[in-house]
Amino acid sequence: MQVDGISPGNAYGLQKVTGKENAPEEPSGQQPLSAEVADVSGDEPTGEEEKGVTRLLLEGHFKGVSDVRLRINFNDELTAIEAAQMQAVSGEKMGGVLGSVGGIVDSFLADNDLTEKEAAVVSDAKDSFLQAVNGADDPAGAVADAFATFLELLQALVPPPPEPEAKDVPAADDGGTGGDGGETEPTPPADSGPDWKGFIDNLKSSFSGAMDDLTTAVSTANVLPPLSEPNGNGVAYDKFLAIYNEMRGIVPVTLDSAV
């Protein structure tokens, strides 16, 4: 990609300076690049030199136009670093999602007297959920569907609600003794076994919270510091910023789009 005289691999400030007339133009008021970058010799930076520049970018060393220009020229390297960081964060948080669901299931199995069939269905449903997520190319994208299937399997174990008991209606009062004209209190239902509804509600709540944590962690896992403000050359800065935003798929907000 050609950006005002900057060819791919030749980042701004990386050419060897042989004379004043060959030195890259610095925006007004901008500090010169450090010797570590400005004195690199050769037309193409080596692998170690590229690592040095990307490290300085990640540390927020460059300012103004230099910051934007170098982000454009080293976009591939920076994108790869960001992707690796996102994958690491997503993997860590996904482990939290699966661990949260698995822990609740294991506690439910240990704390309730389930039938052999019930325990087998719950255990198999959990294993199927974990395998569906861990075996997916995109675990974060597959986890919601896998969890929905998991809940469907558990719902089959929830017993139907008990039918309301018929209430005793006293005979009409014929003036004799007995009867107070009230209704007989229903007999309290016997223990219906495990609290399946509470179990499933607990799973839903824990899963939702863990997924929110994952989403927040991924959305805030930025490896690059925020872009610096223009430093004396706003026109050039805006031009390169537009190119940089287009590369990153960022659509600027205008008055028309904001309405």
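The values are calculated or read from the model by the stated rules, or taken from the named source; none is laboratory data. All of these numbers come straight from a predicted model, not from anything done at the bench. Quick reminder, even Gly has a Cβ in these numbers, built from the backbone with ideal geometry, and neighbours come from all protein chains shown.
Overview of results
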item	result
Leading residue by the ranking (surrounded by the fewest Cβ atoms within 10 Å (Cβ to Cβ)) among those in the range 120-137 that are small (Gly, Ala, Ser) and at pLDDT 90 or above	Ala120
Enumeration of residues in the range 48-87 that are touching a residue at least 12 places away in the same chain (Cβ under 8 Å) and within 19 Å of the chain's Cα centre (by Cα)	Ile81, Glu82, Gln85, Met86
Cβ pairs under 6 Å, 6+ apart, first in the range 215-236 and on the phi > 0 side of the Ramachandran plot and in contact (Cβ under 8 Å) with a residue 40 or more places away in the chain, second basic (Lys, Arg) and surrounded by 15 or more Cβ atoms within 10 Å (Cβ to Cβ)	none
Single match in Ala140, Ala171 (criterion: modelled with pLDDT under 90 and crowded, with 16+ Cβ neighbours inside 10 Å)	Ala140
Residues of the range 210-236 that turn out to be within 12 Å of the chain's Cα centre (by Cα), assigned to a helix (DSSP H, G or I) and not polar (S, T, N, Q), as a count	7
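Every residue, every condition in (1) crowded, with 16+ Cβ neighbours inside 10 Å; (2) farther than 30 Å from Val235 by Cα; (3) not basic (Lys, Arg), yes or no:
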| position | (1), (2), (3) |
| --- | --- |
| Leu70 | yes, no, yes |
| Val89 | yes, yes, yes |
| Gly102 | no, yes, yes |
| Ser107 | no, yes, yes |
